[in-house]
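Inspection log for the structure reproduced underneath, given as structure tokens.
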Amino acid sequence: MSSERRRGTGPLKLLVAVSEMVPYAKTGGLGDVAGALPDALLRRGCDVRVFLPCYRIVRERTREMEAVLDKVRAPLGGVSLEASILETRTEQGVPVYVVEREDLFDRPNLYGTSAGDYYDNLERFAFFCRAALLGCAAMGFAPDVVHCHDWQTGLIPPILGDLFPEAGSVFTIHNLGYQGLFPADRLPATGLSADRFFHPEGVEYWGRISLLKAGIVYADAVTTVSPTYAEEIQTPEFGMGMEGVLRSRRDVLSGILNGADYARWDPVIDPHLPARYGPGRMAGKARCKKALIREVDLDTHLEQRPVIGVVSRLDRQKGLDLLIGILDELFSLDVGLVVLGTGDAGIEEALRAAGERFDGRMALRLGFDEPLAHRITAGSDLFLVPSRYEPCGLTQMHAMKYGTVPVVRATGGLKDTVSAYDPGSSRGTGFKFFEPRPRALLEAVRLAVSLFERRDSWERLRKAVMEADFSWDESAARYMALFEDLRTRRQPFRSGSGRPPARRSSTEP
Ligand code: ADP
Ligand code: GLC
């Protein structure tokens, strides 16, 4: 058997390049996915290694990091800069390589401040992409496949062929709303030649550079995080201007549903809860509710009434303005509301005003607070996710594991993970509304509240909700099948009977 052949059948070598990862650095669901999927792939026999930028928080949080490469040089806009590569490992043993370069990554936040994105995000992430590939090469790790996530790693597919002509690339879209747009005159920072790449079939997007588009156009396979979102983004309503590009790649575009990370989100073992519980032993959930009501200062009579939880980025995507629009009617149902979130200043202000007006019935916590997110998820009866669009959404899956019934807008992954409660058959795992309008949301909440008042039906629903299983195994198997398929398809290039597609090299004339 040739050495190529043996390489093709051994453990699949996967490089993951990602801009956030639990437990090192997180701003949202991308961090959760990157924290769980590599471990699940390792369990399936994949030789997986992750590259992550060394933000200040990574340094602060990670005690055990060892320098593995002292001086990797990577180009940035015509100059060559040095970075160090430090190694740590996940609990399951996946190597995580952090790219350390203080002037680019040693900052208070990952992507920017409340005043806006960091002005040099193009340079920061272009450098990260190149340093990750060059770091791999320097350690002698030649990946079969590179898995890239969102615009921050969108530069990898067009440049991958320069260093690893045999490797395949998968680009996963977690959110089409973040397109990595930069002025055209900054193209030199990417190292891409204008002639070959800056045109409508390449990285140009209405006169600007889009690193999201770079990933979509040049990757061998494109995935997104739920089957429904994979369909939605090919339409003008959800495509955010990228629908044409996405349709042109529909033969390689698919949706693989995210899993939930039950090592971190399970009420049986959750260290953040005042009491633990699980199916068949639910007393702890009542204690969590009581403790939450006290913690956030809601009226104590709400112990007997439905408490609604929200944990969300405060962004237009998440549809919280729909909730703000129905607060009078909502509180006339005698419910409590606990909101944890941070983000858009206008949404924060509107929520703050509402919180003052409905003191005792509504509690607002502005900020990013992981332990509190767990306590709200456990201590609420209903969990609200009224998103305008939602590529997957993890909070509804977490809520379900905690026996907290989801009320969601039927879009993207919310549509795929929650099945609507049917009063006739008593089947379903939550409440859904379709139109992104306050009235539609209110009707769904009304239905949920009326069911809460029928104890037996409510208990049955809660049981069904807790039985829903979104563990990573099945989704990891789908990713593995995709990676294996790419490796097999690229096999001819290895044995010399074919050539990698010409579009893969960024340096050819
Ligand atoms: P998105 O990635 O669009 O923000 P997801 O539902 O996929 O939405 O993931 C959000 C993740 O971030 C969840 O783990 C959720 O618990 C967490 N999260 C969101 N906002 C906060 C917050 N203010 N404090 C703590 N955790 C939060
Ligand atoms: C994005 C999406 C969210 C998804 C997460 C992880 O942030 O907004 O729906 O769950 O990525 O894929």
### Task
Spot the failing condition for MET362; the list is (1) in contact with a Ser or Thr (Cβ under 6 Å, 6 or more places away or on another chain); (2) away from ligand 2 (no atom under 16 Å from the Cβ), and only one is missed.
(1)
### Task
Could you please give the count of residues in segment 234-265 that are in a loop (DSSP other than H, G, I, E, B) and under 19 Å from TYR479 (Cβ atoms)?
9
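Tell me yes or no: at least one residue of segment 222-241 is away from ligand 2 (no atom under 16 Å from the Cβ), open to solvent by less than 10 Å² (accessible area, probe 1.4 Å), within 28 Å of GLY77 (Cα to Cα) and in contact (Cβ under 8 Å) with a residue 24 or more places away in the chain. Break it down into steps so the answer makes sense when it comes.
Filtering segment 222-241 down to residues away from ligand 2 (no atom under 16 Å from the Cβ) leaves 234-237, 241.
Adding the requirement that they be open to solvent by less than 10 Å² (accessible area, probe 1.4 Å) leaves none.
Within segment 222-241, none of the residues are away from ligand 2 (no atom under 16 Å from the Cβ), open to solvent by less than 10 Å² (accessible area, probe 1.4 Å), within 28 Å of GLY77 (Cα to Cα) and in contact (Cβ under 8 Å) with a residue 24 or more places away in the chain.
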### Task
Only residues in segment 246-269 that are more than 25 Å from MET21 (Cβ to Cβ) count as the first member; pair them with residues that are acidic (Asp, Glu), Cβ under 8 angstrom, at least 6 apart or cross-chain, and list the lot.
VAL252/ASP220
### Message
Which pairs turn up if I take residues in segment 315-326 that are assigned to a helix (DSSP H, G or I) and look for partners that are polar (S, T, N, Q) and crowded, with 22+ Cβ neighbours inside 10 Å with beta carbon separation below 7 Å, at least 6 apart in sequence or on another chain?
### Response
GLN317/SER387; LYS318/SER312; LYS318/SER387; LEU320/SER312
### Query
List, please: which pairs have Cβ atoms under 9 Å, are six or more places apart or on different chains, and start with a residue in segment 349-374 that is under 14 Å from LEU292 (Cα atoms) and end with one that is within 16 Å of ligand 2 (Cβ to nearest atom) and not β-branched (Val, Ile, Thr)?
LEU364/GLY341; ARG365/GLY341; ALA373/HIS398; HIS374/ARG264; HIS374/TRP265; HIS374/HIS398
### Query
Would a scan of segment 338-352 turn up a residue that is open to solvent by 20 Å² or more (accessible area, probe 1.4 Å) and in contact with a Pro (Cβ under 9 Å, 6 or more places away or on another chain)?
no
### Query
Inside segment 153-175, can you point out the residues that are buried (at least 24 other Cβ atoms within 10 Å of the Cβ) and within 14 Å of ligand 1 (Cβ to nearest atom)?
THR172, ILE173
### Query
What are the pairs, 6+ residues apart or on separate chains, where a residue within segment 1-18 that is farther than 15 Å from ARG489 by Cα has its Cβ under 6 Å from a residue that is β-branched (Val, Ile, Thr) and at pLDDT 95 or above?
LEU14/VAL48; LEU14/VAL145; LEU15/VAL146; VAL16/VAL50; ALA17/THR153; ALA17/ILE156
### Query
In this structure, is GLY29 of a type in the set (Gly, Ala, Ser), open to solvent by 20 Å² or more (accessible area, probe 1.4 Å), touching a residue at least 60 places away in the same chain (Cβ under 8 Å) and within 27 Å of PHE368 (Cα to Cα)?
yes
## Note on the structure
Going through (1) open to solvent by 30 Å² or more (accessible area, probe 1.4 Å); (2) more than 20 Å from the chain's Cα centre (by Cα) one by one, ASN109 fails only at (2)
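Can you list the strands (runs of 3 or more DSSP E) lying wholly within segment 86-192 that have 1 or more residues being small (Gly, Ala, Ser)?
It comes to 168-173.
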### Summary
Of the residues in segment 176-197, those that are in contact with a Leu (Cβ under 6 Å, 6 or more places away or on another chain) and aromatic (Phe, Trp, Tyr) come to PHE182
### Task
Kindly indicate whether GLY278 is small (Gly, Ala, Ser), open to solvent by less than 10 Å² (accessible area, probe 1.4 Å) and touching a strand residue (DSSP E or B) at 6+ places or on another chain (Cβ under 9 Å).
no
### Task
Starting from segment 462-473, take each residue that is more than 14 Å from ALA378 (Cα to Cα) and list its partners that are open to solvent by less than 40 Å² (accessible area, probe 1.4 Å) and among the polar types (S, T, N, Q), counting only C-beta distances under 8 angstrom and pairs at least six apart or across chains.
ALA464/THR429; ALA468/THR417; ALA468/THR429; PHE470/ASN258; PHE470/THR417
### Query
Only one residue in ASP297, ASP266, ASP251 is under 25 Å from ASP416 (Cβ atoms), away from ligand 1 (no atom under 15 Å from the Cβ) and surrounded by fewer than 18 Cβ atoms within 10 Å (Cβ to Cβ). Which one?
ASP251
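Can you spot a residue in segment 292-299 that is touching a residue at least 40 places away in the same chain (Cβ under 8 Å), in a strand (DSSP E or B) and not charged (D, E, K, R)? Lay out the reasoning, then the answer.
Going residue by residue through segment 292-299, those that are touching a residue at least 40 places away in the same chain (Cβ under 8 Å) are 292-293, 295-299.
Still in the list and also in a strand (DSSP E or B): none.
No, every residue in segment 292-299 fails to be touching a residue at least 40 places away in the same chain (Cβ under 8 Å), in a strand (DSSP E or B) and not charged (D, E, K, R).
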### Message
Looking at LEU12, LEU76, LEU30, LEU41, can you tell me which residue is more than 16 Å from ligand 1 (Cβ to nearest atom), within 29 Å of ALA189 (Cα to Cα) and of a type outside the set (S, T, N, Q)?
### Response
LEU76
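Taking the criterion of being open to solvent by 50 Å² or more (accessible area, probe 1.4 Å) and part of a loop (DSSP other than H, G, I, E, B), would at least one residue in segment 68-76 satisfy it?
Pass one, segment 68-76, residues open to solvent by 50 Å² or more (accessible area, probe 1.4 Å): 68, 70-71, 73, 75.
Next, from what is left, pick out any that are part of a loop (DSSP other than H, G, I, E, B): none.
Scanning segment 68-76 turns up no residue that is open to solvent by 50 Å² or more (accessible area, probe 1.4 Å) and part of a loop (DSSP other than H, G, I, E, B).
Sort out which residues of segment 242-259 are of a type in the set (Gly, Ala, Ser) and under 21 Å from the mean Cα position of the chain (by Cα), and write them in order of number.
Here is the first cut: in segment 242-259, the ones of a type in the set (Gly, Ala, Ser) are 244, 248, 254-255, 259.
Listed by number, the residues that qualify are SER254, GLY255, GLY259.
For the structure I just gave you, tell me whether GLY45 is part of a loop (DSSP other than H, G, I, E, B) and open to solvent by less than 30 Å² (accessible area, probe 1.4 Å).
Numbers: part of a loop (DSSP other than H, G, I, E, B): yes; open to solvent by less than 30 Å² (accessible area, probe 1.4 Å): no.
Considered against the rule, which asks whether it is part of a loop (DSSP other than H, G, I, E, B) and open to solvent by less than 30 Å² (accessible area, probe 1.4 Å), GLY45 comes out as no.
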### Message
Which count do you get for residues in segment 433-485 that are open to solvent by 90 Å² or more (accessible area, probe 1.4 Å) and within 22 Å of the chain's Cα centre (by Cα)?
### Response
3
### Message
For segment 386-432, give me each residue that is more than 17 Å from ASN258 (Cβ to Cβ), within 14 Å of ligand 1 (Cβ to nearest atom) and surrounded by fewer than 24 Cβ atoms within 10 Å (Cβ to Cβ).
### Response
ARG388
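Please go through segment 193-226 and pick out each residue that is assigned to a strand (DSSP E or B) and within 16 Å of ligand 1 (Cβ to nearest atom).
Quick first cut of segment 193-226, residues assigned to a strand (DSSP E or B) only: 204-205, 208-210, 221-224.
Passing the criteria: THR223, THR224.
The values are calculated or read from the model by the stated rules, or taken from the named source; none is laboratory data. Note that the structure is a prediction, hence the values are computed from the model and not measured. Positions of Cβ are generated from backbone atoms using ideal geometry, with glycine treated the same way; all protein chains shown enter the neighbour counts. These area figures cover heavy atoms from the full protein model, side chains too; ligands, DNA and RNA do not enter into them. Shrake-Rupley method; radii C 1.70, N 1.55, O 1.52, S 1.80 Å.
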